[in-house]
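What follows is one structure encoded as structure tokens, with my remarks underneath.
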Amino acid sequence: MTVWLLVAAIIGCNACGDLMNTLGMRRHGKVRDLNATGIARMLKALARNGYVLGGIATMCVSFFAQMSLLSVAEVSFAVPATAGGFLLETVLARVILREQVHWQRWLGAGVVAAGVSLLAW
């Protein structure tokens, strides 16, 4: 039971983190300068971006949940089980970000979710 709670935490935090980072970067705008000055300016701006900071925080929770999961489960279970987040992230991209998700992506996310469900047996 603890293993599946950790899997759920990882999936949920990864999905929320990716969603928040996407919103934050869309608010920030296109990254143009990849020289040292441009990167420093971007990091300074992102340090004030609540969405990015929230995304980083939830990704940290996901990371520590992943470390906990790896301490109690085999990696051959842990990594594929957390791939179930692809379906959740596809749903969130469609519903919250209003992205166009074509049938091929839905099919791909569904196939991954079906594979993850096999791990429960």
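The values are calculated or read from the model by the stated rules, or taken from the named source; none is laboratory data. Quick caveat, the model's predicted, so the values are computed rather than measured. Backbone-built Cβ (ideal geometry, glycine too); neighbour counts: all protein chains shown.
Looking at (1) surrounded by fewer than 13 Cβ atoms within 10 Å (Cβ to Cβ); (2) modelled with pLDDT of 90 or more, which one does Gly29 not meet, given that it meets all the others?
Only one criterion in (1) surrounded by fewer than 13 Cβ atoms within 10 Å (Cβ to Cβ); (2) modelled with pLDDT of 90 or more is unmet by Gly29, namely (2).
Are there any pairs, at least 6 apart or on different chains, whose C-beta atoms fall under 6 Å, with the first in the stretch 42-62 and touching a residue at least 12 places away in the same chain (Cβ under 8 Å) and surrounded by 13 or more Cβ atoms within 10 Å (Cβ to Cβ) and the second assigned to a helix (DSSP H, G or I) and of a type in the set (Val, Ile, Thr), and if so, which?
Filtered contacts from the stretch 42-62: Leu46/Val52; Ser62/Ile10.
Taking the residues in the stretch 81-113 that are of a type in the set (Lys, Arg) and under 18 Å from Arg26 (Cβ atoms) as candidates, determine which candidate is surrounded by the most Cβ atoms within 10 Å (Cβ to Cβ).
The residue in question is Arg94.
List the residue pairs whose Cβ atoms are under 6 Å apart, where the first residue sits in the stretch 66-82 and is outside any helix (DSSP H, G or I), the second is of a type outside the set (Phe, Trp, Tyr), and the two are 6 or more positions apart or on different chains.
Cβ pairs passing all conditions: Ala73/Val3.
Sort out which residues of the stretch 94-121 are aliphatic (A, V, I, L, M) and either touching a residue at least 40 places away in the same chain (Cβ under 8 Å) or within 24 Å of Leu5 (Cβ to Cβ) (or both), and write them in order of number. Spell out how you get there, then give the answer.
Initial filter on the stretch 94-121 (aliphatic (A, V, I, L, M)): 95-97, 101, 107, 109, 111-114, 116, 118-120.
Across the stretch 94-121, the qualifying residues are Ile96, Leu97, Ala109, Val112, Ala113, Ala114, Val116, Leu118, Leu119, Ala120.
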